[in-house]
Amino acid sequence: MDTLYVGAQASSHPLDPLSAGEVAAAAAIVRAAHDLGAGMRFETIVLSEPEGSSDERRAFVSTYDISTGDLFEAVVSLSDGIMKSWIPRPGAKPRIAPDEFLMAEKIAKADPNFVAALAKRGITDLSLVCSDPWSCGMFGHADEEGRRLIQTISFVRNRPFDNHYAHPIEGLSAIVDINRGEVVRIDDYGVVPVPRTEGNYSSRFQETWRTGLKPIEVVQPEGPSFTVDGYGVEWCGWKFRIGFTPREGLVLHDLSIKDGDAQRSIIKRACLAEMVVPYGHPTGVHPRKNAFDCGEYGIGVLANSLVLGCDCLGAIHYFDAVVNRIDGSAETIPNAICLHEEDCGILWKHSDFRTQETDVRRGRRLVISFIATVGNYEYGFYWHLYLDGTIELDVKLTGIINTAGVMQDGSIGRGTLVSPGLVGHIHQHVFNVRLDMAVDGPNNTVVEVDTVLDPPGPTNPYHNALSIVETPLLTEKAARRNGDAGHVRSWRVVNREKTSAIGHHPGYRLVAHSALRTPHAPDNQVGRRAGFVAHDIWVTPTRSDERWPAGDYVNQSKPGEGLPKWTEQDRSVADQPITVWHSFGHNHIVRPEDFPVQPVVHCGFILQPFAFFTRNPTLDIPPAKSSHSCCA
Ligand code: CO
């Protein structure tokens, strides 16, 4: 069995992602122990991250049989070439894989009823029809019971290569059983004329170009300030390891920062854990559009290969990503993760008006990023590390809005007209990040911080007294919290076992600037299946088997999984390894300017050191003056 292990590609650190050889070896070990036959597919093959100090390389494998729908989870030892466990997960539906995207379109186009529905709309050239594979959710239709489904949302090009999202085929969806390769049902809500006004954005259609843009070049004559060793990175006192998984994409492990002679920990593991994009139009195919781009598709498997000088400027280090395909083979996505540093304006400044002395320091940040394309949309995930200890996630939303036609009576419906006959419906992008915190050590506690105006009285004669009210969140139920703009609420992750030289518990403050609790109800898809949207933060004891805030298997999931269920246990989250889950996002009331391609909009959050250091830790950053700057 050990011949299955490709020793030459063995990784050098226990947290390194699986190599291509290890992915293939893991599939072979599982197949050798439990061959499911011709219908065997692999949802996930990923590093089973070691919890202790073991050097054994293990893989987690989720495999299923398209002929029965049965799904099993295995853990294999790559070091020993054996399967360690095999657990059935009845009812679980694997994610929709990139391999299945075009498969769903092909199945729909081969169905005579779908072809007839297209013909009814005057569409006969199937080569121009593009049917996107959307997850289906759980809507209780009897003919869908027990099946693994994709609903197609279709568009038609005017001519080859034009932007098909300008031309939605409104009111038509093929419900496809992707395991059995057949159409279950055609949902036809009536004919609406396809909008034919073109909305092209690509360079092949652009006839004139703006002039006057002079080049901006990033020059790093001595190279970057970071060093990379395998998946380990060091930059300006920061240390961390890069991870990558099919479902989460980029993962940051063991993030720490130098303070004097000490290397102090901040986060054990950080990643995107889930996201959901619910649409707010109530008729036709649209209520079924509630895409969990992380849990139902996998944001990592959809990562782009980034292009030097276009996606990324400066001195770039790229990491490849290795993901599995559904046949169990490995696919390497070249240049999936970009590492670079960039100037970010001034770090700090002061002019002493008496001495006329001015001190100013340039700020810079390290950027670790990847971009995923999920059908019509692009998500860029940019982690920023700053010289002063600040950590930021900046999510960039771009790509093409999911368009719709007008309603049958010609009205717009719940959205914005972006072009004649073409509508962008209201929707949200709600993200949830999983932050396994380790501020100055493993045992942390979250404290809620409100700013409150004291009542007037003898000790507050001018009614200006502000109290900073700090409330430790000690159990899971107490730690389901929402923002409060009236009290400028924030949260701080502190280590109550440590005290600084000036008497503070070291901490990191969560600046939840994009908190978004999408309006939802207990009986709709979001309320039932994306319970994490109900609170801006949740805190749980860190558990390796509690990774997915909307449940382990989100595709066609049942209600109540993940954070709502775990936190019902109301476990202690005080002075122990804790995970902070933060929900945030973008409420997307579509603008005409978002079409035909959306300029980047941002959302995210910031983690700032708060009494982690005893003062500004950047006084030793030397003054710098760019020799390439000039007076224009
Ligand atoms: Co949007």
Across (1) out of contact with any strand residue (DSSP E or B) (no Cβ under 8 Å at 6 or more places or on another chain); (2) closer than 18 Å to Q525 by Cβ; (3) among the hydrophobic types (A, V, I, L, M, F, W, C), C136 clears everything bar (1)
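Please count how many residues of the range 56-71 are assigned to a loop (DSSP other than H, G, I, E, B) and closer than 15 Å to E22 by Cα.
Let us first name the residues in the range 56-71 that are assigned to a loop (DSSP other than H, G, I, E, B), namely 56-57, 66-70.
Then keep just the ones that are closer than 15 Å to E22 by Cα; that gives 56-57.
Qualifying residue count for the region: 2.
Output yes when any residue across the range 79-102 is among the small types (G, A, S), surrounded by fewer than 19 Cβ atoms within 10 Å (Cβ to Cβ) and in contact with a helix residue (DSSP H, G or I) (Cβ under 8 Å, 6 or more places away or on another chain), and no when none is. Please lay out each step first, then the result.
Looking only at the range 79-102, we keep the residues that are among the small types (G, A, S), and these are 79, 81, 85, 91-92, 97.
Among the residues that remain, those that are also surrounded by fewer than 19 Cβ atoms within 10 Å (Cβ to Cβ) are: 79, 81, 85, 91.
With in contact with a helix residue (DSSP H, G or I) (Cβ under 8 Å, 6 or more places away or on another chain) added as a condition, the list becomes 81.
Yes, the range 79-102 has at least one match.
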Filter result (away from the ligand (no atom under 14 Å from the Cβ) and either without any contact (Cβ under 8 Å) to a residue 40 or more places away in the chain or among the polar types (S, T, N, Q) (or both)) within the range 582-611 | S583, Q608
Only one of (1) exposed (fewer than 14 other Cβ atoms within 10 Å of the Cβ); (2) farther than 17 Å from S544 by Cβ; (3) modelled with pLDDT under 95; (4) not charged (D, E, K, R) does not apply to L4, and that is (1)
In the range 453-504, which residue that is among the hydroxyl-bearing types (S, T, Y) and exposed (fewer than 13 other Cβ atoms within 10 Å of the Cβ) is nearest to the chain's Cα centre (by Cα)?
-> T499
So which residues in the range 592-615 are loosely packed, with under 12 Cβ neighbours inside 10 Å and either closer than 29 Å to K498 by Cα or under 23 Å from the mean Cα position of the chain (by Cα) (or both), if there are any at all?
-> P599, R615
Go through (1) surrounded by fewer than 18 Cβ atoms within 10 Å (Cβ to Cβ); (2) touching a Gly at 6+ places or on another chain (Cβ under 8 Å); (3) β-branched (V, I, T) and name the single condition I107 misses.
-> (1)
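Test of understanding: among R496, R517, R492, R509, which residue is in a loop (DSSP other than H, G, I, E, B), at pLDDT 95 or above and not small (G, A, S)?
Details: R517 fails: at pLDDT 95 or above; R492 fails: in a loop (DSSP other than H, G, I, E, B); R509 fails: in a loop (DSSP other than H, G, I, E, B).
Step by step, each of R496, R517, R492, R509 is checked, and only R496 is in a loop (DSSP other than H, G, I, E, B), at pLDDT 95 or above and not small (G, A, S).
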Would you pick out the residues in the range 472-521 that are of a type in the set (G, A, S), without any contact (Cβ under 8 Å) to a residue 60 or more places away in the chain and closer than 20 Å to C603 by Cβ?
-> G483, A485, S490
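Residues are listed down the side, and each one gets a yes or a no for (1) within 20 Å of E100 (Cα to Cα); (2) of a type outside the set (D, E, K, R); (3) at pLDDT 95 or above:
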site: R264; (1), (2), (3): no, no, yes
site: C271; (1), (2), (3): no, yes, yes
site: M275; (1), (2), (3): no, yes, yes
site: P278; (1), (2), (3): no, yes, yes
site: T283; (1), (2), (3): no, yes, yes
site: E331; (1), (2), (3): yes, no, yes
Counted residues in the range 214-266 being under 19 Å from V323 (Cα atoms) and either surrounded by 15 or more Cβ atoms within 10 Å (Cβ to Cβ) or in contact with a Lys or Arg (Cβ under 6 Å, 6 or more places away or on another chain) (or both) come to 14
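Kindly indicate whether any position in the range 106-126 is within 20 Å of R41 (Cα to Cα) and at pLDDT 95 or above.
Restricting attention to the range 106-126, the residues satisfying the condition of being within 20 Å of R41 (Cα to Cα) are 106-107.
Next cut, at pLDDT 95 or above only: 106-107.
Yes, some residue in the range 106-126 is within 20 Å of R41 (Cα to Cα) and at pLDDT 95 or above.
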Quick check: is even one residue across the range 559-579 touching a residue at least 12 places away in the same chain (Cβ under 8 Å), within 16 Å of the ligand (Cβ to nearest atom) and surrounded by 15 or more Cβ atoms within 10 Å (Cβ to Cβ)?
-> no
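Is it true that Q569 is more than 30 Å from T416 (Cβ to Cβ), of a type outside the set (S, T, Y) and in contact with a Ser or Thr (Cβ under 7 Å, 6 or more places away or on another chain)? Let's see the steps before the verdict.
Values: more than 30 Å from T416 (Cβ to Cβ): yes; of a type outside the set (S, T, Y): yes; in contact with a Ser or Thr (Cβ under 7 Å, 6 or more places away or on another chain): no.
When the stated conditions are applied, Q569 does not pass them.
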Quick one: which strands (runs of 3 or more DSSP E) sit completely within the range 343-440 and have at least 2 residues that are under 17 Å from V600 (Cα atoms), assigned by TED's automatic domain parsing to the domain that holds N587 and within 16 Å of the ligand (Cβ to nearest atom)?
-> 357-374, 377-386, 391-399, 427-437
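The values are calculated or read from the model by the stated rules, or taken from the named source; none is laboratory data. Note that this is a predicted model, so its numbers are computed, not measured. Glycine also receives a Cβ, built like all others from the backbone with ideal geometry; neighbour counts cover every protein chain displayed.
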